[in-house]
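Have a look at the structure below, then the notes.
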Amino acid sequence: MELLKKFVEPVDMTEGSPWKKIVLFAVPMLVGNIAQQLYNTVDSVVVGNYVGDNALAAVGSAGPILNLLIVLFVGISVGAGIMVSQYFGAKERERLSITIGNCITLTAIATVFVMVAASLVARPLLELLDTPESIIGWCHSYLLILFIGSGGLAYYNILSGILRGLGDSVSALVYLLVSTIINIVLDLLFVAIFGMGVNGVALATVIAQAVSAFLCLLRLMKMKEYFDLNPGYLKPQAKYTKKIMKLGLPSGITQAILSMAMIVVQSLTNSFGEMFIAANVIVMRVDGFAMMPNFSFGTAMTTYAGQNVGARRNDRVDQGAKQGTLIAVVTSAVITGLILLFGKSLMGIFTNTPELVDLSRDMMGILAAGYIAMAVTQSLSGVMRGAGDTMTPMWISIATTIFFRVPIAYGISFLTRTEALPNGRQECIFISLLVSWVLGALITFIFYKRGKWKDKAV
């Protein structure tokens, strides 16, 4: 019991070997991110096998709109994680308590806003994107259920972000694994047995996310040795809410712009027909797993940098950045290699249509090198965010997406139009993504080396 308690207690990353602390923190994050990716993947596998390829396309087409309309949650989560890690590293109990209480209140406000606003604009956005008539009804009902039940999604992301800021990446992992199992069971129950189709997978996701959020809250309420969670701390304080939003909004804005770019590209994707839409869904589901090491190390680097900046250990920040980025690159290369090696088998999990499997595998091959580039981007961006500089990663993401990805996608599409291919070559979607990732890594490295992010501590 004592060993288990030690395993889940917050990790002080201001002492000890940097790479060991980063890896020990990142591994549970990686497993957790893989489990979270299973939410969407299981949804796709179940509807693809039990409902059909059009239902699979519907679930995927809803993704960019879902990501666009939850940017407030992203912003609060990032701001919370940075402030919590820095105050925890500086041993500032009072400020840590106020920050956590304000995050809980901000999340409640954001949830109500998203439930109302997102539910109203979901259908018009789908129509604006020329979503095929054969899947638009499924897309809308899927989104509506997720938005109405968005409280679980919001609180899991924010509360797990707080836990990670405290150095506890294990508890969030355990709760996510529990909810993932619930999601899988309910997916099969609602779709395979009750025949609820796309609505069934959405309802299963909402219930599972609510369970994980509740478990995270229970864990925080038991961590009284590090901070206080009294009702008085729930009252919003302008100073802290402004800091949370100032640090988190750049990431939220980045997510919004990336999602809008995805929506613009989704419109181009839709022009290639249902088969390519379904292939894009499959690739993005596998892509989610390929990206997991990058996101995991990126978050680990944010917590590591935040705690060490808070403790005035800037020497450890540079040392950890080098070691963490190297490990992230190697890990990403290995996982990408495995995905390419077993690509056809992976794609075959989602559909029994041979043409769809081959098309998905070909598109996945285009992206392969980009995952290694993203390991560099996520790790170094994580360091800058942890130090308090959330603006630089935001501008880099915006620039590579708006000025490179979207123009390249539409440019290739336009230049490759023929009588046989009236909309151009469909590879344009993934070539543009690869180019933006590689350029993003190069630009991030340059700004990291300039070092201005070191002056942004909370």
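The values are calculated or read from the model by the stated rules, or taken from the named source; none is laboratory data. Nothing here was measured: the structure is a model prediction, and the numbers come from that model. Neighbour counts run over all protein chains shown; Cβ positions are idealised from the backbone, glycine included. Surface areas here come from the heavy atoms of the whole protein model, side chains and all, with no ligands, DNA or RNA. Shrake-Rupley method; radii C 1.70, N 1.55, O 1.52, S 1.80 Å.
For (1) touching a residue at least 60 places away in the same chain (Cβ under 8 Å); (2) assigned to a loop (DSSP other than H, G, I, E, B); (3) touching a Leu at 6+ places or on another chain (Cβ under 9 Å); (4) buried (at least 19 other Cβ atoms within 10 Å of the Cβ), each residue gets a yes or a no:
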site: A154; (1), (2), (3), (4): yes, no, yes, yes
site: Y175; (1), (2), (3), (4): no, no, yes, yes
site: N183; (1), (2), (3), (4): yes, no, yes, yes
site: G195; (1), (2), (3), (4): no, yes, no, no
site: Q209; (1), (2), (3), (4): yes, no, yes, yes
site: L218; (1), (2), (3), (4): no, no, no, no
site: Y233; (1), (2), (3), (4): yes, no, no, yes
site: K239; (1), (2), (3), (4): no, no, no, no
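Out of segment 242-252, which residues are touching a helix residue (DSSP H, G or I) at 6+ places or on another chain (Cβ under 9 Å) and surrounded by fewer than 19 Cβ atoms within 10 Å (Cβ to Cβ)? Let's see the steps before the verdict.
First pass over segment 242-252, keeping only residues touching a helix residue (DSSP H, G or I) at 6+ places or on another chain (Cβ under 9 Å): 243-252.
Matches in segment 242-252: M245, K246.
Return yes when M260 is open to solvent by 10 Å² or more (accessible area, probe 1.4 Å), of a type outside the set (D, E), more than 29 Å from G348 (Cβ to Cβ) and touching a Leu at 6+ places or on another chain (Cβ under 7 Å) and no when it is not.
yes
Applying the selection to segment 346-356, what residues are over 25 Å from the mean Cα position of the chain (by Cα) and in a helix (DSSP H, G or I)?
Listed by number, the residues that qualify are P354, E355, L356.
Anything in segment 1-55 that is modelled with pLDDT under 70, in a helix (DSSP H, G or I), open to solvent by less than 50 Å² (accessible area, probe 1.4 Å) and over 18 Å from V286 (Cβ atoms)? List them, or say none. Let's see the steps before the verdict.
Applying the first criterion (modelled with pLDDT under 70) to segment 1-55 yields 1-11, 36, 38-40.
If we keep only those that are in a helix (DSSP H, G or I) too, we end up with 2-8, 36, 38-40.
Add one more test, that the residue is open to solvent by less than 50 Å² (accessible area, probe 1.4 Å), and what stays is 8, 39.
V8, the sole residue that qualifies.
Report whether or not L247 is farther than 15 Å from P64 by Cα and without any contact (Cβ under 8 Å) to a residue 40 or more places away in the chain.
no
If I ask for residues that are assigned to a helix (DSSP H, G or I), more than 16 Å from the chain's Cα centre (by Cα) and surrounded by fewer than 24 Cβ atoms within 10 Å (Cβ to Cβ), which ones from segment 61-97 would you list?
R93, E94, R95, S97
Quick one: which residue in A368, A305 is free of Cβ contacts under 8 Å to residues at least 40 places away in the same chain and hydrophobic (A, V, I, L, M, F, W, C)?
Values: A305 fails: free of Cβ contacts under 8 Å to residues at least 40 places away in the same chain.
Answer to the selection: A368.
Checking the conditions here, which among V329, V376, V334, V383 is out of contact with any helix residue (DSSP H, G or I) (no Cβ under 8 Å at 6 or more places or on another chain) and at pLDDT 90 or above?
That would be V334, the only listed residue that is out of contact with any helix residue (DSSP H, G or I) (no Cβ under 8 Å at 6 or more places or on another chain) and at pLDDT 90 or above.
Given the criteria aliphatic (A, V, I, L, M), crowded, with 21+ Cβ neighbours inside 10 Å and part of a helix (DSSP H, G or I), does A118 qualify?
Against the criterion (aliphatic (A, V, I, L, M), crowded, with 21+ Cβ neighbours inside 10 Å and part of a helix (DSSP H, G or I)), A118 qualifies.
Exactly one condition in (1) of a type in the set (A, V, I, L, M, F, W, C); (2) under 16 Å from T107 (Cα atoms); (3) open to solvent by less than 70 Å² (accessible area, probe 1.4 Å); (4) part of a helix (DSSP H, G or I) is not met by V201; state its number.
(2)
Which one of these does L189 not meet: (1) over 29 Å from F297 (Cα atoms); (2) open to solvent by less than 20 Å² (accessible area, probe 1.4 Å)?
Answer for L189: the failing condition is (2).
Does segment 382-396 hold any residues that are of a type in the set (V, I, T) and open to solvent by 10 Å² or more (accessible area, probe 1.4 Å), and which are they?
Matches in segment 382-396: T392, I396.
Of the residues that sit in segment 379-432 and are assigned to a loop (DSSP other than H, G, I, E, B) and of a type in the set (S, T, N, Q), which one is nearest to V330 (Cα to Cα)?
Residue satisfying both the conditions and the ranking: T390.
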